[in-house]
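Participant: Here it is, the structure, as structure tokens.
Read-outs: derived from the displayed coordinates by stated rules, not from any lab. Please read these numbers as outputs of a predicted model, since none were measured by experiment. Reconstructed Cβ throughout: ideal geometry from the backbone, glycine too, with neighbour counts over all protein chains shown.
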Amino acid sequence: MGRRPHPRNAAGQKSSYPRLYGRHAVFAALDNPERVHRKLFVTHDVAAELVIPKGLAVQYGDASDLGRLVPNDAPHQGIVLEVEPLDNPWIGDIFAQGEGNRRPLLVLDQVTDPHNVGAVLRSAAAFDALAIVTQDRHAPAESGALARAASGALETVPWCRVVNLARALGEIGEAGFWRIGLDGSGPVTLETALSDTRPALVLGAEGEGMRVNTREHCDVLARLPIAAAMESLNVSNAAAIALYAAARRS
């Protein structure tokens, strides 16, 4: 399993490393032995609360200094951590972790908003999902905004990026998962579709939903029983509800 390639900009040159900010995101990254830390930027007040890993480069500053390291008005809370992206786990290792249990797998089809993916990671951690799976080229990179929305879950929930999502869904089915595509026009409710399965919950982007090829690689399409007055839910809200439904089965 190799390290995830360093992000590059449109010109093919290396872009800056991800900078995580905010207490939950940074504290979780500092506690993650799999995370490579490059440099910590911190106020003296916040540093007094930390056990700083040995050998980590530290630069002290005030709130305005740190504000220049992150997007405008980003709530850095006095701490910013420059990191390397996490390794990309092999999907076969994820299958092995799920053997003998019904922990759900989450598959996101071209969900590109970092806040949504971060929120999905947070729900995945809350409801003990195995991992999330996305296509490599149509998912957000690790970033401070995504990590903050995930509230620490970026460091604990495996995130598997694949080249071809349809092929990955084929492998997911072969591994014994029941692939449930969340779709408002699904013929059955999610509760019925879940039954006693080992579920892989497949969700598409807001507006467009799942692509045709993704839908064709699902075993069943299922709907959430929401009121007719509301056409659909935000993808992160739908993921949270689906994960709760999977977790509440006896």
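Participant: Rg to Rh ratio, region 19-83, alpha-carbon atoms and Kirkwood radius?
Facilitator: In region 19-83, Rg relative to Rh is 0.92.
Participant: Just how many % of Cα pairs in region 182-250 lie over 18 Å apart, if you round to the nearest whole percent? Present the calculation step by step, with values, prior to reporting the outcome.
Facilitator: Working: 771 of 2346 pairs.
Cα-Cα pairs in region 182-250 separated by more than 18 Å: 33 percent.
Participant: Quick one: length gained pulling His138 to His44 fully straight, 0.36 nm per residue minus the C-alpha distance?
Facilitator: Stretched fully, the His138-His44 segment lengthens by 29.9 nm.
Participant: Report the relative contact order of the chain, percent, no decimals, based on alpha-carbon pairs under 8 angstrom and at least 6 residues apart.
Facilitator: Averaging sequence separation for qualifying contacts and normalising by length gives 20 percent for the chain.
Participant: How do 124-133, 27-36, 179-188 rank on mean C-beta neighbours within 10 Å, highest first?
Facilitator: The most tightly packed comes first, giving 124-133, 179-188, 27-36.
Participant: In deg cm²/dmol, rounded to 500, what helix-only [θ] at 222 nm does the chain give when every DSSP H run of at least 4 residues adds -39500 (n - 2.57) and the total is split over its residues?
Facilitator: -8500 deg cm²/dmol
Participant: Return the long-range amide H neighbours of Trp178 (sequence gap of 5 or more, or a different chain), with a cut-off of under 5 Å between placed amide H atoms.
Facilitator: Here Arg198, Ala200 satisfy the definition.
Participant: Tell me which label goes with the value of Rg and Dmax of the Cα atoms in Å computed from the coordinates here: (i) 18.6, 53; (ii) 19.2, 58; (iii) 19.0, 66.
Facilitator: For Rg and Dmax of the Cα atoms in Å, the calculated option is (ii).
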